[in-house]
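The values are calculated or read from the model by the stated rules, or taken from the named source; none is laboratory data. Computed from a prediction, not measured in an experiment: that's the story for all the values here. Methodologically, a virtual Cβ is constructed for each residue, glycine included, from the backbone with ideal geometry; neighbour enumeration extends over all protein chains shown.
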Amino acid sequence: MASTKIVRTADGSDTLYSEQHKAHYHSLHGAILESLHIFVKSGYKHLALNEISILEVGFGTGLNAALTASKANEMNRKTTYTGIELYPLEKPTLAKINYGAVLKKDESIFWKKINISEWNTETPINDSFLLTKLHADICTVNLSDLYHLVYFDAFAPEDQPEVWSSAIFQKLFNATNRGGILITYCSKGIVKQALRGVGYKVERLAGPPGKRHILRAVKP
Ligand SMILES: C[S@@+](CC[C@H](N)C(=O)[O-])C[C@H]1O[C@@H](n2cnc3c(N)ncnc32)[C@H](O)[C@@H]1O
C-alpha cells in the first residue's frame, strides 16, 4: 500500500507525494502539462501507427493513461495499454485527487473509469482504448508481449536506482517492436548511457515547463 499526501502543482492539477520514496508522482510545475508534453505529445502522437500497444512503468494515479485514452478516442486509434504498478493506490486516495474536476470532460470520464477498473483484467475504457492495470514489480515481471511504446515513469534514479538499471532497460528493449520507443522525463547522463548500452538510439528533446530536457529512446 502506498502512503501518500496530496500536493497542488502549478497548472492547478494535483499530484501525490510518496512518503516511502520521498518523491512526487509528477512535476510540481504542472502534473497535467508534464504528462501531455512528455507522454502524449512526444511519445503517443510521435508514432504514426494505426494501432498501438503501450506499456507504462509506474501506473500511479492513472493520469498518463486517462490523457492517452482521450487522445486515442479523439484519433480513433486502437490502443492497448498495460500499466504496471507495484503499489496500487487505494480508492479513498484517488478520490481526493482533483483530476475529476480539472481534466476536460472526456478525460475526466475516462480517468474515473480507469480508477474503478479491476486490476489484472482487460477493461475497455472507450471504443479505442483497452486497459490492463497490472499489479506487478517491473524488476521481476516477465514481459512476454511486444510493445510499440514504453512510458517509463518510475520515480527518479536517485530514489529507486534498481528500476533504472541496464537489466530493466534490456528487458524493455526485448519487449519493444523494432522502430518502437521508450520515452522518459529523466535526461541524466547515466540513464542515457544505460539506454544506449542495451541498444537504443537516444535523442534529447525539449521538456515541459521546469524541465530542460527529456529522453526518447528508439529501438533501431
Ligand atoms: C512517478 S510515479 C508515476 C506517475 C504515474 N505515471 C501517473 O500518471 O500518475 C512512479 C510510480 O512507480 C511506481 N513504482 C515504484 N516502484 C515500482 C516497481 N518496482 N514496479 C512497478 N511500479 C513501481 C510507484 O508506486 C509510482 O506509482
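Of everything in segment 63-77, what is free of Cβ contacts under 8 Å to residues at least 60 places away in the same chain and either assigned to a helix (DSSP H, G or I) or closer than 29 Å to Gln160 by Cβ (or both)? Give them in sequence order. Full working, then the answer.
Within segment 63-77, the subset free of Cβ contacts under 8 Å to residues at least 60 places away in the same chain is 63, 66-67, 70-77.
If the condition is that a residue be free of Cβ contacts under 8 Å to residues at least 60 places away in the same chain and either assigned to a helix (DSSP H, G or I) or closer than 29 Å to Gln160 by Cβ (or both), then Leu63, Ala66, Leu67, Ser70, Lys71, Ala72, Asn73, Glu74, Met75 are the ones that fit.
Here is a list: Asn73, Asn126, Asn50, Asn98. Which entry is away from the ligand (no atom under 12 Å from the Cβ), over 16 Å from the mean Cα position of the chain (by Cα) and within 20 Å of Ile181 (Cβ to Cβ)?
On the way: Asn73 fails: within 20 Å of Ile181 (Cβ to Cβ); Asn126 fails: within 20 Å of Ile181 (Cβ to Cβ); Asn98 fails: within 20 Å of Ile181 (Cβ to Cβ).
None of the other options fit; the residue is Asn50.
Just checking, which of Phe59, Phe110 is assigned to a loop (DSSP other than H, G, I, E, B), crowded, with 18+ Cβ neighbours inside 10 Å and modelled with pLDDT of 95 or more?
From the options Phe59, Phe110, the qualifying one is Phe59.
Restricting to segment 147-164, name every residue that is more than 7 Å from the ligand (Cβ to nearest atom), closer than 19 Å to Ile54 by Cα and not in a strand (DSSP E or B).
Trp164
Does any residue in segment 181-196 that is farther than 16 Å from Phe39 by Cβ and touching a residue at least 24 places away in the same chain (Cβ under 8 Å) come within less than 9 Å, Cβ to Cβ, of a residue that is hydroxyl-bearing (Ser, Thr, Tyr) and buried (at least 18 other Cβ atoms within 10 Å of the Cβ) six or more places away or on a different chain, and which pairs are these?
Qualifying pairs under 9 Å: Val191/Thr184; Leu195/Thr184.
Quick one: count up the residues across segment 117-134 that are touching a residue at least 24 places away in the same chain (Cβ under 8 Å) and either of a type in the set (Phe, Trp, Tyr) or exposed (fewer than 12 other Cβ atoms within 10 Å of the Cβ) (or both).
3
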